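Undergrad: Sharing a structure below in structure tokens format, with a few things to ask.
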Amino acid sequence: MFWPFLLGDVFSYALWPYYYYYPFWSYGTAYDYDYGPYVPAYSYYGYSDLSNVYGYTGTTGDSRNNTHANQVPPEVTQSCGGFAPGVTSFPIDRIRQAILPTGEQVTFLDDLATASSKASAVLNASCPNQPPLTPLARLDAVERRLEATIRAIEVVRPALATLYDSLNNEQRQRLDAIGAEDIGHGRETAANGPSGAANLASLCSDQATNFTRLPMQRIEEVVKPTGQQQGALEKLKQTSENAADELRASCPTQTAEAPVARLDEMHNRLGAMVQAAKNVRPTLATFYASLSDEQKAQFNIMGQQNAGDANGGR
């Protein structure tokens with residue numbers, strides 16, 4: 001639930017920022033993927049955002065209509081705790097071949113492998129067994145997922161710092177070259193190489209805007225708020241905009257030079273995203289509580305209704 005293959009995005013950006021900056025820093029800038037309780041076929045290049053707290057997506061997939069509301073499909077479970085499509089773990093063996101560790105470096109690399117496994121387990125524990133069925137439950141799931149990722153980064157950071165500090169310049173160059181090799185072999189993740197990193201600040205800013213963007217028109221169409229409810233919805237919109245402004249302020253202006261510094265960059269960013277979710281929750285709860293049971297039922301399945309409309313009511 002929320003941000004598939006996140007751990008792989010974090011590790012890849014930490015080690016190969018000029019080739020893998022895009023998945024992490026662009027996440028939430030498009031409505032291409034709805035990772036809610038009605039999941040379409042998985043596409044790695046689709047990104048989601050907090051709009052899915054409201055069960056909303058701008059695009060749809062047929063498999064959404066075949067997914068029962070109280071089931072989490074196997075591909076979702078895999079993507080929730082995985083690294084990337086077809087990847088089962090962090091590429092420790094490939095790093096080993098590149099840097100040719102000697103002496104204590106062998107132990108340091110083994111420690112990184114152990115830490116990455118522990119981090120994966122932490123993130124797996126945040127994956128839902130059942131899909132959250134209300135906007136508040138979805139927001140809580142988002143928050144748990146982000147907080148788990150923060151803990152995963154904290155698990156990996158010491159081991160990565162120790163290993164990287166032990167490398168000489170030649171070993172660091174060979175480690176960096178892995179990202180370039182992937183680009184050359186056609187396994188790029190939508191980055192544009194070193195020149196693309198200049199877009200990091202712009203991507204991050206767009207992410208901030210979309211992370212808390214509300215589908216206001218759709219909410220009004222489905223819920224039809226009246227009187228006090230309309231005021232609560234306007235307050236939710238304003239709170240969301242304020243949260244987006246604060247989140248935008250956490251964007252880095254440039255890519256950090258060292259892997260551990262890049263982990264710290266992402267750690268800070270994820271912390272800001274958690275705070276944004278916390279800031280939005282009370283006003284969302286107030287608006288949700290103001291709704292009648294019938295309105296709540298419509299609000300809960302708003303994304304499914306949108307999917308049916310887009311697919312000709314199927």
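Undergrad: Within the group Gln105, Gln97, which residue is modelled with pLDDT of 90 or more and touching a Ser or Thr at 6+ places or on another chain (Cβ under 7 Å)?
TA: On the way: Gln97 fails: touching a Ser or Thr at 6+ places or on another chain (Cβ under 7 Å).
Being modelled with pLDDT of 90 or more and touching a Ser or Thr at 6+ places or on another chain (Cβ under 7 Å) holds for just one of Gln105, Gln97, which is Gln105.
Undergrad: What number of residues within the range 88-142 satisfy the criterion of being free of Cβ contacts under 8 Å to residues at least 40 places away in the same chain, closer than 21 Å to Glu170 by Cα and assigned to a helix (DSSP H, G or I)?
TA: Selection size over the range 88-142: 7.
Undergrad: Taking the range 270-283 as the region of interest, how many residues are surrounded by fewer than 21 Cβ atoms within 10 Å (Cβ to Cβ) and of a type outside the set (S, T, N, Q)? Spell out the reasoning first.
TA: First pass over the range 270-283, keeping only residues surrounded by fewer than 21 Cβ atoms within 10 Å (Cβ to Cβ): 271-272, 274-275, 278-279, 281-283.
Next, from what is left, pick out any that are of a type outside the set (S, T, N, Q): 271-272, 274, 278, 281-282.
So the answer is 6.
Undergrad: Of the residues Ala148, Ala152, only one is in contact (Cβ under 8 Å) with a residue 60 or more places away in the chain, within 17 Å of Phe5 (Cβ to Cβ) and assigned to a helix (DSSP H, G or I); which? It would help to see each step written out before you state the result.
TA: On the way: Ala148 fails: in contact (Cβ under 8 Å) with a residue 60 or more places away in the chain.
The match here is Ala152.
Undergrad: If the requirement is being within 15 Å of the chain's Cα centre (by Cα) and either within 15 Å of Pro135 (Cβ to Cβ) or free of Cβ contacts under 8 Å to residues at least 40 places away in the same chain (or both), which of these qualifies: Ala272, Ala244? Break it down into steps so the answer makes sense when it comes.
TA: Values: Ala244 fails: within 15 Å of the chain's Cα centre (by Cα).
Ala272 is the lone residue from the list that is within 15 Å of the chain's Cα centre (by Cα) and either within 15 Å of Pro135 (Cβ to Cβ) or free of Cβ contacts under 8 Å to residues at least 40 places away in the same chain (or both).
Undergrad: Got a sec? Which of Ala243, Ala297, Ala285 is out of contact with any helix residue (DSSP H, G or I) (no Cβ under 7 Å at 6 or more places or on another chain), among the hydrophobic types (A, V, I, L, M, F, W, C) and within 18 Å of Arg138 (Cβ to Cβ)? Outline the logic, then answer.
TA: Details: Ala243 fails: out of contact with any helix residue (DSSP H, G or I) (no Cβ under 7 Å at 6 or more places or on another chain); Ala285 fails: out of contact with any helix residue (DSSP H, G or I) (no Cβ under 7 Å at 6 or more places or on another chain).
On inspection, the qualifying residue turns out to be Ala297.
Undergrad: Would it be correct to say that Leu284 is in contact with an Asp or Glu (Cβ under 8 Å, 6 or more places away or on another chain) and either not in a helix (DSSP H, G or I) or not basic (Lys, Arg) (or both)? Working first, answer last.
TA: Numbers: in contact with an Asp or Glu (Cβ under 8 Å, 6 or more places away or on another chain): no; either not in a helix (DSSP H, G or I) or not basic (Lys, Arg) (or both): yes.
Against the criterion (in contact with an Asp or Glu (Cβ under 8 Å, 6 or more places away or on another chain) and either not in a helix (DSSP H, G or I) or not basic (Lys, Arg) (or both)), Leu284 does not qualify.
The values are calculated or read from the model by the stated rules, or taken from the named source; none is laboratory data. All of these numbers come straight from a predicted model, not from anything done at the bench. Note that we place each Cβ from the backbone using ideal geometry, even for glycine, and neighbour counts take in every protein chain shown.
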